[in-house]
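To start, the structure under review is shown below, and the notes come after it.
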Amino acid sequence: MKKLVLFSVVLMFISYTGKGQNKTIKKNTMNDTSPTVNHTEEEWKKILTPEQYHVLREKGTDLPFTGKYYLNKEKGVYHCAACGNELFTSDMKFDSSCGWPSFDKEIAGGKIKKQVDRSLGMVRTEILCAKCGSHLGHLFDDGPTLTGLRYCVNSTSVDFKGK
Ligand code: FE
């Protein structure tokens, strides 16, 4: 009987921590917020350069190792190139060999929206500016720092403002 009780307690503990973990991962990686900056695509075409429009609004990707911020080590803040939303600080940037600017965390406050991207035969997590819905890049869980996260961002999607 004692064994049965102990077994039940262990089972309850496992199912409890399991649920908690799932909830945390879901909360941290997927959020559903509607953009507060809304322009029609025709308006975005007038606001953005053709290159910015392609990456930010058509989910394009900078060629690896070519982006203007890939090797940037200056201190400052990276903003959404479409609406100015503050996304990352230079302290969150790390040296990555992947070819795109990479960050291990985002500025707090739900500034980045995550959604599943099933394009190109892969399942990835797309990251978008929560304020205007523009495409930023992808989020991976293979980061080398303590957070384990790698926000892989197109240079074209961000504007850097130095301190
Ligand atoms: Fe934005």
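Mean sequence separation of contacting Cα pairs (under 8 Å, at least six apart), scaled by the length of the stretch 32-163, corresponds to a relative contact order of 30 percent. Using the Karplus relation 6.51 cos²θ - 1.76 cosθ + 1.60 with θ = phi - 60°, the per-residue 3J(HN,Hα) values for the stretch 73-85 come to 10, 5, 7, x, 10, 9, 10, 4, 6, 8, 10, x, 4 Hz, with x marking Gly and Pro. Whole-Hz Karplus values for the stretch 148-163 come out as x, 9, 9, 7, 9, 10, 6, 4, 5, 7, 10, 10, 9, 10, x, 6 Hz, taken residue by residue from phi with 6.51 cos²θ - 1.76 cosθ + 1.60 and θ = phi - 60°; glycine and proline positions read x. Rg and Dmax of the stretch 61-163, both derived from C-alpha coordinates alone, stand at 12.5, 41 Å. Using a probe radius of 1.4 angstrom, the carbon and sulfur fraction of the accessible surface of the stretch 47-153 is 55%.
Annotation note: chymotrypsin sites (Phe, Trp or Tyr not before Pro) in the stretch 41-118 located in DSSP loop regions with a Cβ neighbour count of at most 13 within 10 Å are PHE65.
The C-alpha atoms of the stretch 91-131 occupy a region whose extents along the principal axes are 33, 28, 12 Å, arranged from largest to smallest.
Candidate cross-link partners of LYS93 among the aspartates and glutamates, defined by an alpha-carbon separation under 17 Å and a same-chain spacing of 8 or more, comprise GLU74, ASP104, GLU106, ASP141, ASP142, ASP159.
The values are calculated or read from the model by the stated rules, or taken from the named source; none is laboratory data. It should be emphasised that the depicted structure is a prediction, and the values quoted were computed from it without experimental measurement. Neighbour counts are summed over all protein chains in view; Cβ atoms, including those assigned to glycine, are modelled from backbone coordinates with ideal geometry. Only protein heavy atoms, including side chains, enter the accessible area calculation; ligands, DNA and RNA are left aside. Shrake-Rupley method; radii C 1.70, N 1.55, O 1.52, S 1.80 Å.
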